[in-house]
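None of the figures in this text is laboratory data; all of them are computed from the coordinates on show. Only a predicted model underlies this, so the values are computations on that prediction, with no experimental measurement involved. Cβ placement follows ideal geometry from the backbone for every residue including glycine, while neighbour counts extend to all protein chains displayed.
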Amino acid sequence: MKRPPVTHDSDRQSKLEAFDRLLTIMDELRENCPWDKKQTMETLRHLTIEETYELSDSILDGDLSEVKKELGDLMLHMVFYARIASETKAFNIADVLNSICEKLIERHPHIYGDVEANDEAAVKSNWEKIKLKSGNKSVLEGVPRTLPALVKAIRIQDKARGVGFDWEKKEQVWEKVEEEMQEFKAEFNATSAEAINREKATEEFGDLLFSLVNYARFIQIDPEEALERTNKKFIKRFQYLETASAKEGKKMGEMTLAEMDVYWEEAKKIR
């Protein structure tokens, strides 16, 4: 097994000391703080999810100071889970770290073995094939059931692509988008709203969204990030509308759409 030469950075010791400090503080809190003593994996779960979304926000905002802070919060959670598990001798933080190290070595045979992988696609393909050899019954097994639907669609498509199940050209993907758009529109060609098959229309809209996610992935756009950036842009413009109209004595809910659109157009000019 070949091992690539690694150049350790000059502050490796300070990093180890900082991690040891966190472990010490975690032990002290677990043993002495009433709140920390009471926590379980189940009570921490929703807090961890919240911290993950806060990290995502800070990344999209480009706020590295906040990224650092949120990474610290998540690191605390990882250490906390391991400490709880160690109390029943299920595993400890060393087991966690060694486990991920072994997994990384196994999943990177192009670094720690003799497999050739000269680009990202080859690495992903090897990763999924190794997972199947390790006992996974499906390539899609690793996609969490509780992921938000948009993120889940991205992960499903990534994993399918890893074993070669993908379109060859972006033009083919766009043709699929247009096909799904026509099928969705066809569900609304009924003569009355009551005649529309809502279940079928919902299914077709899902197909359309899935194909758009596929196209975005194909042209290397993260659809989750793209949509969140649009969300943030809409919030900023709408809040400008609220603030600017209030300054002129107008109230939301009492203005016409044309009146509100004036403020909206102003907001669009502000970066």
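Which of Gly164, Gly206, Gly249 moves most in a GNM of the chain, Cα contacts under 10 Å?
Gly249
Relative to the longest principal axis of the C-alpha atoms of the chain, give the angle of the C-alpha long axis of helix 12-32, reported between 0 and 90° and rounded to the nearest 10°.
Approximately 80 degrees, to the nearest 10.
Convex hull volume of the Cα atoms in the stretch 225-268, per residue, in Å³?
Convex hull volume per residue, Cα atoms: 65 Å³.
Set the bar at 28 Å for Cα to Cα. Now go through Lys38/Lys89; Lys159/Lys233; Lys152/Lys200; Lys38/Lys159 and name every pair that lies beyond it.
Lys159/Lys233; Lys38/Lys159
Counting every Cα pair in the stretch 139-222, what percent are over 15 Å apart?
For the stretch 139-222, the share of Cα pairs beyond 15 Å comes to 63 percent.
Between Ala160 and Lys185, what is the FRET efficiency for a Förster distance of 35 Å, r being their Cβ-Cβ separation, to the nearest 0.05?
0.85
Helix 170-186 against the longest principal axis of the chain: what's the angle in degrees, Cα atoms only, rounded to the nearest 10?
50
Let me make sure I get this right: for the chain, a, b and c are the square roots of the gyration tensor eigenvalues over alpha carbons, sorted descending. Under 1.5 in a/c it's rounded, otherwise prolate if a/b > b/c, else oblate. Which is it?
Taking the square roots of the gyration eigenvalues as a ≥ b ≥ c, the chain is oblate.
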